[in-house]
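The values are calculated or read from the model by the stated rules, or taken from the named source; none is laboratory data. Quick caveat, the model's predicted, so the values are computed rather than measured. Note: ideal-geometry Cβ built from the backbone for every residue, glycine included; neighbour counts use all protein chains shown. For the accessible areas, the whole protein counts, side chains as well, though only heavy atoms, and no ligand, DNA or RNA atoms are used. Shrake-Rupley method; radii C 1.70, N 1.55, O 1.52, S 1.80 Å.
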Amino acid sequence: MATAQSFSIWLLQVFLLSGLLVFFLWLSLHPSKPTYTIIDFSISGDGSNTSFTVEIANNNKGGGIYYSGMNVTLYIEEVNAGNTMLPSFYQRHERTTLMVGSAKINHTVHEVLNGRAALKVGLVAKVRYKIWLWRSRFHGMDMLASVPVGRDGKLKIKKAKMHARHQALRIKRKLNL
């Protein structure tokens with residue numbers, strides 16, 4: 001009887017320790033989402049083209065990220081004004097990558113330059129995390145940033161941080177915009 005009880009206690013200890021080990025491994029290897037920031041944006045003099053630079057930061061300690069082709073869309077007052085694709089790439093852990101792109105604008109931007117219309121930049125991508133030899137499934141990223149543009153067609157602020165689209169809509173509702 002005593003050996004059966006000691007064996008069950010030993011088995012319980014093994015399960016608890018292995019459960020704690022798995023939990024701490026999951027905490028240390030759980031990937032975080034990359035951050036996207038628009039650090040440069042300009043509209044050409046004739047208002048038909050834009051150029052932009054997106055800073056993509058991977059803050060994961062031990063894992064890289066595979067990015068599929070990223071679709072960047074420009075919105076003027078919630079209307080699609082143009083889009084472009086950025087190429088696929090792999091980003092190692094704790095690195096920052098600058099992606100430069102340009103897009104042709106389908107609408108006039110005079111309202112944006114005069115401050116009467118809002119310009120937003122949307123970014124849609126699929127990412128796949130790599131931790132050691134394991135690769136995750138593809139995760140969708142749907143980001144949105146409001147871009148304040150001055151009369152000269154340049155970005156008014158230093159950086160425009162991109163937020164998840166559902167968070168951007170929640171912030172907009174909170175501010176009653």
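Along the charge dipole of segment 18-177, Cβ charges K/R +1 and D/E -1, which of F24, G82, V100 sits furthest on the positive end?
Positive-end residue among those listed: F24.
Students often get this wrong, so try it: which of (i) 1.04; (ii) 1.15; (iii) 1.46 is Cα Rg over 2.2 N^0.38 Å as calculated from the structure shown?
For Cα Rg over 2.2 N^0.38 Å, the calculated option is (iii).
For segment 28-177, report the accessible area per residue in Å² (1.4 Å probe, heavy atoms, rounded to an integer).
Ligands and nucleic acids excluded, the figure is 58 Å² per residue.
Which of K158, K33, K130 moves the most in a Gaussian network model of the chain with Cα springs under 10 Å?
So, out of K158, K33, K130, the one fluctuating most is K158.
What residues have an amide H closer than 5 Å to that of R95, excluding those fewer than 5 places away on the same chain, when H is modeled at 1.01 Å from N in the peptide plane?
N58
Can you give the accessible area of K126 in Å² (nearest 10), computed on protein heavy atoms with a 1.4 Å probe?
Solvent-accessible area, nearest 10 Å²: 110 Å².
Amide H neighbours of D40 under 5 Å, at least 5 residues apart or on other chains, H built in the peptide plane: list them.
T53
Scan around I105 for amide H atoms under 5 Å from its own, H built in the peptide plane at 1.01 Å from N, and keep only partners 5 or more places away or cross-chain.
N49, T50
Considering the chain as a Gaussian network with a 10 Å cut-off on Cα pairs, which listed residue, L25, L119, L98, attains the greatest mean-square fluctuation?
Comparing L25, L119, L98 in the GNM, the peak value goes to L25.
Less than 26 Å apart at the alpha-carbon level, and either on another chain or at least 8 residues along: which lysines does that give for K61?
Reachable lysines: K33, K126, K130, K159, K161.
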